[in-house]
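A.B. asks: Below are the C-alpha cells for one structure; questions will follow.
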Amino acid sequence: MKVAIIFASQTGNTLQVALAVREGCSGHEIVAFGPPPADVGEAELVFAGSWTDRGTCAPEMRAFLHTLHGKNVVLFGTAGFGLSESYFASLGDRFKAELPADSRVVDAWFCPGKMPPAVRERYEAQLAEHPEDKRLENMLAAYDHAKTHPDPMDLEGARSFTRAILKREEER
C-alpha cells in the first residue's frame, strides 16, 4: 500500500510519533514523509499528525487537511493536556472537522506530549496570583503528567496502531 506520513511538530513530540508510524509502515511504500505542505501524490492512505494548538491541530496542518479531497486519512497527534481518552477523542473530532467532506477518516490516535518549561512557569505564576483556581491546578498536573511523553509505550502504541490500520485497510 502507498502511504504518506505528513506531520506538524513544534517541539519534536509529534516527530517522534511520526517516526514510530513510519516504522509501523514497514513493508509498505512511503511516498511522502515530512511537514506540510506536501504532495501526497498517489498515496492510498495518508497519516496526518499534529501537535495540539488550543484544542485543535496546528495552523499548517489545518491548511494541509483542507487539501485532502477524496483521501483515506488516519489522524494522529500529541497533546500536553491528554489526561483522558475522552479528551483524545474530542481532538480526533476537531482534527476531522478540518477535512473535506469527500475524505474518509479511517481512525485516530493520540498520546500525551511534553510541553516547554515556560508553560509550567506561566501556570505557576498564574496560580500564585489565584491560589484557589482548581483549573490552574489541573493544568499543572497535566503538565507534570505529560513531561515524560511520548514515552516508549506511547511509541510502541503508535507502531501497533499503524500496523493494525494497515492490515485492516488491506483487508477492506
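A.B. asks: Can you name the residue in region 15-49 that is in contact with an Asp or Glu (Cβ under 8 Å, 6 or more places away or on another chain) and of a type in the set (Gly, Ala, Ser) and is also farthest from Phe88 (Cα to Cα) among such residues?
C.D. replies: The residue in question is Ala32.
A.B. asks: Which residues, counting only those in region 32-51, are in a strand (DSSP E or B) and free of Cβ contacts under 8 Å to residues at least 60 places away in the same chain? Please lay out each step first, then the result.
C.D. replies: Our first condition is that a residue be in a strand (DSSP E or B); within region 32-51, this holds for 32-34, 45-51.
Hits for region 32-51 are Ala32, Phe33, Gly34, Val46, Ala48, Gly49, Ser50.
A.B. asks: Within region 25-56, restricting attention to residues that are touching a Gly at 6+ places or on another chain (Cβ under 7 Å) and modelled with pLDDT under 95, which residue is surrounded by the fewest Cβ atoms within 10 Å (Cβ to Cβ)?
C.D. replies: For region 25-56, the residue satisfying everything is Trp51.
A.B. asks: Of everything in region 113-137, what is farther than 21 Å from Asn13 by Cα, free of Cβ contacts under 8 Å to residues at least 12 places away in the same chain and not in a loop (DSSP other than H, G, I, E, B)? Give them in sequence order.
C.D. replies: Ala125, Gln126, Ala128, Glu129, Lys134, Arg135, Glu137
Table: residues versus (1) in contact with a helix residue (DSSP H, G or I) (Cβ under 8 Å, 6 or more places away or on another chain); (2) at pLDDT below 95.
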position: Val74; (1), (2): yes, no
position: Gly82; (1), (2): yes, yes
position: Glu85; (1), (2): no, yes
position: Phe110; (1), (2): yes, yes
position: Lys114; (1), (2): yes, yes
position: Val119; (1), (2): yes, yes
position: His130; (1), (2): yes, yes
position: Arg135; (1), (2): no, yes
position: Tyr143; (1), (2): yes, yes
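Every residue, every condition in (1) under 18 Å from Pro112 (Cα atoms); (2) loosely packed, with under 15 Cβ neighbours inside 10 Å, yes or no:
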| site | (1), (2) |
| --- | --- |
| Glu23 | no, yes |
| Leu68 | no, no |
| Asn72 | no, no |
| Leu75 | yes, no |
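A.B. asks: Next up: Take Ala164 and decide whether it is farther than 22 Å from Asp53 by Cβ, part of a helix (DSSP H, G or I), without any contact (Cβ under 8 Å) to a residue 24 or more places away in the chain and not assigned by TED's automatic domain parsing to the domain that holds Arg62. Walk me through it before giving the result.
C.D. replies: Numbers: farther than 22 Å from Asp53 by Cβ: yes; part of a helix (DSSP H, G or I): yes; without any contact (Cβ under 8 Å) to a residue 24 or more places away in the chain: yes; not assigned by TED's automatic domain parsing to the domain that holds Arg62: no.
Here the answer is no, as Ala164 does not meet what is asked.
The values are calculated or read from the model by the stated rules, or taken from the named source; none is laboratory data. Just so we're clear, the structure is a prediction, and the values are computed from it rather than from any experiment. In this analysis, Cβ positions are derived from the backbone assuming ideal geometry, glycine residues included, and neighbour counts consider all displayed protein chains.
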